[in-house]
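Here is the structure we will look at.
Please treat every number below as a calculation from the coordinates, not as lab data. This one's a predicted model, so the numbers in the text were calculated from it and none came from an experiment. Positions of Cβ are backbone-derived with ideal geometry, glycine not excepted, and every protein chain shown enters the neighbour counts.
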Amino acid sequence: MSDQEVSNKQVALKNYVTGFPKESDMQIITTDTIRLRVPEGTKDAVLVKNLYLSCDPYMRERMSASDGGFPPFELGKPLIGYGVAKILDSTHPNYKKGDLAWGYTGWEEYSLIVSPQILFKIEHTDVPLSYYTGILGMPGMTAYAGFYEICTPKKGEFVYISAASGAVGQIVGQFAKLSGCYVVGSAGSKEKVSLTGNLFPPINENKTR
C-alpha cells in the first residue's frame with residue numbers, strides 16, 4: 001500500500017439545472033489531498049483511479065432540485081455515475097491492486113468506494129476499456145436483458161423502439177435487426193433521427209426492411 005498523497009480533481013454541480021445543463025452549472029474543484037490507500041480499519045473498500053466516466057441520461061434528472069425518482073446530486077460534491085477504474089488499494093477479498101472494474105464511481109480522479117458490490121470486475125481486456133461505459137456496461141446490459149430476457153421477440157415480429165438515438169435504444173435496435181425482426185425507431189428531433197439513420201434507415205413506400 002502507498003502512503004502517497006495527491007490532489008484530487010473533481011467535477012461538481014454548482015447550480016441545480018433548469019432546462020439543458022450549461023457549463024456554468026458545473027465547477028471543477030480540487031481537494032487538498034487524498035492518500036492513495038484505503039483508510040486503516042475500513043473493511044471491504046477499494047481506492048480506485050478513474051479511467052473513463054460515462055454521462056448517462058438519468059443523470060440529468062439528478063441535476064434538478066426536485067426528487068423525480070433519483071435523489072438530486074449534492075451541490076459542491078462530485079457527480080456520481082458509471083465509470084471504469086483501476087484498483088489502487090483494497091481491503092475487499094474480491095479485489096486486489098491492479099484489478100480493473102466498472103460500475104458506480106465519482107466524477108473525480110480518485111474515489112474511495114466503500115460499497116464494492118456496485119462494481120463489476122473486468123475479466124476481459126482484449127477490447128477498449130471505454131466499451132464498459134457503453135455496449136459492455138450499463139447500457140448494454142440494460143438492452144440485452146430487456147430484449148432477450150423480457151421482450152424475447154421472434155424473427156419476423158415487429159419491434160418499435162422509442163428513444164432510438166439513446167445509448168440503450170440504439171443497441172436494442174441492433175439486437176432486433178440481428179434477430180430478423182422488423183424494426184422501427186423514433187427520436188425526438190431531426191438531428192437525432194440523422195444520428196440513427198444508419199441503424200434505422202427511413203421507411204418509404206418503395207423500400208421496406
Write down the radius of gyration of the stretch 122-179 and its Dmax, each obtained from C-alpha positions, in Å.
12.3, 36
Of Ala145, Ala176, Ala164, the one that fluctuates the most in a GNM where the chain has Cα springs shorter than 10 Å
Ala145
Euclidean distance of C-alpha centroids, the stretch 154-168 and the stretch 1-58, integer Å:
35 Å
With springs only between Cα atoms under 10 Å, which of Gly185, Gly140, Gly19 fluctuates most in a Gaussian network model of the chain?
Gly19
So for the stretch 17-91, considering every pair of alpha-carbon atoms, how many percent are separated by more than 17 Å?
59 percent
About its Cα centre, how strong a charge dipole does the stretch 138-195 have in debye, to the nearest 20, once Lys and Arg get +1 and Asp and Glu get -1 at the Cβ?
140 debye
Can you sort Ser115, Ser186 from fewest to most other Cβ atoms within 10 Å of each residue's own Cβ?
Ser115, Ser186
Fewest to most Cβ atoms within 10 Å: Tyr148, Tyr95, Tyr104 sort as Tyr148, Tyr104, Tyr95
For the chain, set up a GNM with springs between Cα atoms under 10 Å and report which of Asn50, Asn94, Asn15 has the largest fluctuation.
Asn94
Rank the residues Phe70, Phe120, Phe175 as a footprinting-exposure proxy: fewest other Cβ atoms within 10 Å of their Cβ go first.
Phe70, Phe120, Phe175
Less than 26 Å apart at the alpha-carbon level, and either on another chain or at least 8 residues along: which lysines does that give for Lys43?
Lys9, Lys77, Lys86, Lys96, Lys97, Lys121
Using 0.36 nm times the number of residues separating Arg60 and Phe158, minus their current alpha carbon distance, what extension gain do you get?
32.2 nm
Scattering profile of the chain from the Debye formula, Cα beads only, expressed as log10 I(q)/I(0) at q = 0.08, 0.12, 0.19 Å⁻¹, is -0.37, -0.76, -1.32
Can you tell me the dipole magnitude for the stretch 5-133 around its Cα centre, using point charges on the Cβ only (Lys, Arg +1; Asp, Glu -1), in Debye to the nearest 20?
120 debye
